[in-house]
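Enquirer: Sharing a structure, written as structure tokens. Questions coming.
The values are calculated or read from the model by the stated rules, or taken from the named source; none is laboratory data. All figures in this text were calculated on a predicted structure; none of them were measured in a lab. Using ideal geometry, Cβ is built from the backbone for each residue, glycine included, and neighbour counts are taken over all protein chains shown.
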Amino acid sequence: MTDMYDVIVAGGSISGLLTAREVAKRGHSVLVLEEGFEVGSPEHCGGLVSESALKELGIEPSEKSFECKIDSAKVFFPNGDNFSIDSRNQEIIVVNRRELDKQVARQAKDNGAEIIVKASFKNKNSNIIETSIGNFDCKVFVDCRGTSILANKNKDGIYPTAQYEVYADWIKKDQVEVYLDQEKFPGFFAWIIPSGNGVGKVGVSGNSISSVQAINEFLKNKGKFSVIRKIYAPIWIKGPIKQFVHGNTVIVGDAAGQAKPTTAGGIFSCGMGGIFAGQSISKYLKTNIESELSNYETLWRNKFGKEFEKQILARKILSRIDNKTVNKLYSFITPEIINDISKKDDFDFHTGSIIKLLGLKRSLGTAQALIGSEIKKLIPG
């Protein structure tokens with residue numbers, strides 16, 4: 001006889017844990033299966049998130065999970081040109097994802113969820129979930145196994161990525177750095193995200209690159225450093241999958257393509273996926289009305305759908321241009337644009353910033369000549 005749960009969640013990511021929290025606090029039994037030796041490891045995420053996003057997720061960063069505040073973002077072009085954005089109004093912080101996930105795991109457990117580590121999903125046969133530690137029965141199965149699920153289905157949407165945690169005196173504790181270079185990081189960029197003064201995460205990603213070679217070359221050009229940890233994990237850049245719910249299987253987080261197509265960041269969008277899923281699953285369990293289960297997808301797309309459509313288009317446009325064009329785009333950026341972004345724009349819904357940085361509204365004709373007619377689709381009517 002197998003153990004019975006209302007809900008089984010495969011994957012102890014923030015999306016899976018928030019799904020479990022929402023289900024458990026409404027009185028339903030839920031089991032989270034995490035294949036790693038602990039929740040939060042390995043830590044793939046850069047850890048950038050807005051304070052408002054965490055508040056909406058119901059998370060108050062603990063002393064362990066909070067690392068630093070970000071006051072500015074500096075963007076470098078291939079030829080060395082650069083500009084800085086004052087990001088203090090956007091209230092962006094860096095969190096330690098390992099500790100943040102543990103914090104959310106505690107929330108889920110305190111509400112009644114059960115979490116088992118070193119337990120991996122193997123197969124689903126009707127309501128029976130086969131795992132490395134035995135079989136379980138459930139009413140709803142939640143798949144939060146990450147981008148590896150997508151990689152098996154669509155390799156074109158996966159970019160190889162390397163992120164090293166390093167000690168280096170060139171890392172500033174309150175400044176994020178982004179490096180655009182279509183030859184070294186085609187379709188994406190390199191980044192530096194501080195976790196303190198002289199310590200942080202350095203990463204690279206791009207279409208079909210050797211991530212090891214690219215990050216080693218990038219670090220070599222930056223100066224002296226010491227590596228603390230190396231993480232290699234793919235990112236997904238094609239946005240949400242077509243359907244989040246299949247029968248009694250619900251797909252959430254990175255496995256559903258809910259990370260930002262522009263940056264692959266997903267704490268907020270994947271986390272909200274977990275909350276919407278958990279709330280909808282709970283209503284389904286109480287009513288047995290199937291439309292309540294699929295309402296999760298409606299809620300998520302209503303909140304993020306239009307923004308993600310624009311991000312996918314922006315990603316498509318930016319992946320098509322060469323370094324010469326990228327360098328020309330720098331001429332569109334005025335002090336007024338930078339000031340406008342610094343004072344008004346939203347970190348979590350940032351295509352407005354991309355439009356301004358490309359100079360689209362101010363110089364549509366010039367931008368069209370550089371990038372193509374598709375930019376019109378980015379601009380609100």
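Enquirer: Regarding region 325-340, can at least one residue be identified that is assigned to a helix (DSSP H, G or I) and at pLDDT 90 or above?
Expert: Yes; the residues of region 325-340 include at least one that is assigned to a helix (DSSP H, G or I) and at pLDDT 90 or above.
Enquirer: A further question follows. When the residues of region 165-187 are filtered to those that are part of a strand (DSSP E or B) and not hydrophobic (A, V, I, L, M, F, W, C), which remaining residue is nearest to Lys201 (Cα to Cα)?
Expert: For region 165-187, the residue satisfying everything is Glu165.
Enquirer: I'm told Ile231 meets every condition in (1) in the same structural domain as Ser50 (by TED's automatic domain parsing); (2) at pLDDT below 95; (3) under 19 Å from His44 (Cα atoms) except one. Can you identify the failing condition by its number?
Expert: With (1) in the same structural domain as Ser50 (by TED's automatic domain parsing); (2) at pLDDT below 95; (3) under 19 Å from His44 (Cα atoms) applied to Ile231, the lone miss is (1).
Enquirer: Give the residues of region 81-132 that are among the acidic types (Asp, Glu) and in contact (Cβ under 8 Å) with a residue 40 or more places away in the chain, sorted by residue number.
Expert: Passing the criteria: Asp81, Asp86, Glu91, Glu99, Asp101, Glu114.
Enquirer: When you check Val227 against the structure, is it buried (at least 22 other Cβ atoms within 10 Å of the Cβ), part of a strand (DSSP E or B) and of a type outside the set (D, E, K, R), yes or no?
Expert: Answer is no for this residue.
Enquirer: Which of the residues belonging to region 298-326 are surrounded by fewer than 17 Cβ atoms within 10 Å (Cβ to Cβ) and polar (S, T, N, Q)?
Expert: Thr298, Asn302, Ser319, Asn323, Thr325, listed by residue number.
Enquirer: Further question on the same structure: If a residue must be under 21 Å from Ile275 (Cβ atoms) and in contact with a strand residue (DSSP E or B) (Cβ under 9 Å, 6 or more places away or on another chain), how many such residues does region 296-337 contain?
Expert: 2
Enquirer: Kindly provide the set of residues from region 253-290 that are under 16 Å from Cys45 (Cβ atoms) and out of contact with any helix residue (DSSP H, G or I) (no Cβ under 7 Å at 6 or more places or on another chain), ordered by number.
Expert: Selection gives Thr263, Ala264, Gly265.
Enquirer: From the list Ser52, Ser84, Ser72, which residue is within 21 Å of Ala264 (Cα to Cα) and not assigned by TED's automatic domain parsing to the domain that holds Phe136?
Expert: Ser72
Enquirer: Limited to region 86-122, what total is found for residues that are within 18 Å of Ala53 (Cα to Cα), surrounded by fewer than 18 Cβ atoms within 10 Å (Cβ to Cβ) and touching a strand residue (DSSP E or B) at 6+ places or on another chain (Cβ under 9 Å)?
Expert: 2
Enquirer: Where in region 49-148 are there strands (runs of 3 or more DSSP E), lying wholly inside it, with at least 2 residues that are within 21 Å of the chain's Cα centre (by Cα) and under 21 Å from Lys201 (Cα atoms)?
Expert: Fully inside region 49-148 and qualifying: 66-70, 72-76, 92-95.
Enquirer: May I pose another question? Asn79 passes all but one of (1) over 24 Å from Phe347 (Cα atoms); (2) outside the structural domain of Cys45 (by TED's automatic domain parsing); (3) crowded, with 18+ Cβ neighbours inside 10 Å; which number fails?
Expert: Every listed condition holds for Asn79 apart from (3).
Enquirer: For the structure I just gave you, tell me whether Phe37 is outside the structural domain of Phe185 (by TED's automatic domain parsing), in contact with a Phe, Trp or Tyr (Cβ under 7 Å, 6 or more places away or on another chain) and not small (Gly, Ala, Ser).
Expert: no
Rundown of residues vs (1) closer than 26 Å to Pro194 by Cβ; (2) in contact with a helix residue (DSSP H, G or I) (Cβ under 7 Å, 6 or more places away or on another chain), yes/no style:
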site: Phe77; (1), (2): yes, yes
site: Val104; (1), (2): yes, yes
site: Gln107; (1), (2): no, yes
site: Val117; (1), (2): no, no
site: Ile133; (1), (2): no, no
site: Val142; (1), (2): no, yes
